[in-house]
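The values are calculated or read from the model by the stated rules, or taken from the named source; none is laboratory data. No experiment lies behind these values; they were computed from the predicted model shown. All Cβ positions, even for glycine, are placed from backbone atoms using ideal geometry, and neighbour counts span all protein chains on display.
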Amino acid sequence: MAELGRLYGVHPTTIRRRIPDDLIRPRGPAPQPRPRTQHQRTLVDEEVRRRYAAGESAYALAREFGVSTHTIQARIPDTEWRTRPPEKASVPSPHPARPKTSSRMVLVLSYEEILARYRAGQSATAIGRAAGADCRTILRRIPEDERRTHLQAQRLNRPAPDVDADTIRTLRARGLTWEEIGAEVGLSAKTVRARA
């Protein structure tokens, strides 16, 4: 249309108005047929059915003809379509099953000793380490009304709980370094700095 418009000295839209709709070509070059690859062949229903009946898989046929397995399945009668083979039943183990034993854990420490240590201020983790068990196993042996909250445990297990920010600031005002304060109160310089 652009070439005809230039030839006759008019706008391409004017040329477009003179051409019937059924003769209008789509814009751009005409689509070229995609060349077949060497693996793609003409799909012949009879050949597909014959080869499938001979035992070839739908996947192998689809790959050869360059189509999907659904296209192959559409060519096969439902009565001849092979479904996925049933899964093999699990073979029983030749070794006899071990008799189930009690899963109750035997602790190194007695119930009384665990309770005495906990009441003395030891953490459940420390007791579990000594008993060879998890801290949750130890806590199950402690009566619920005696279990410490997280905050209580933190205060109890915190070294030098009486050394607070005011104490550290007072020592700093006297001119002591972080290391000197730590040596005096029994804490590391890093912990002293964090508490300040």
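Being at pLDDT 75 or above and over 18 Å from ARG82 (Cβ atoms) is a condition met by no residue of region 28-43. Counting the residues of region 141-153 that are surrounded by 12 or more Cβ atoms within 10 Å (Cβ to Cβ) and closer than 14 Å to TYR111 by Cβ gives 2. With respect to the conditions (1) assigned to a loop (DSSP other than H, G, I, E, B); (2) at pLDDT below 80; (3) acidic (Asp, Glu), ASP78 lacks only one, and its number is (2). Answer with yes or no whether GLU64 is at pLDDT 65 or above, over 30 Å from ARG141 (Cβ atoms) and assigned to a loop (DSSP other than H, G, I, E, B). Considered against the rule, which asks whether it is at pLDDT 65 or above, over 30 Å from ARG141 (Cβ atoms) and assigned to a loop (DSSP other than H, G, I, E, B), GLU64 comes out as no.
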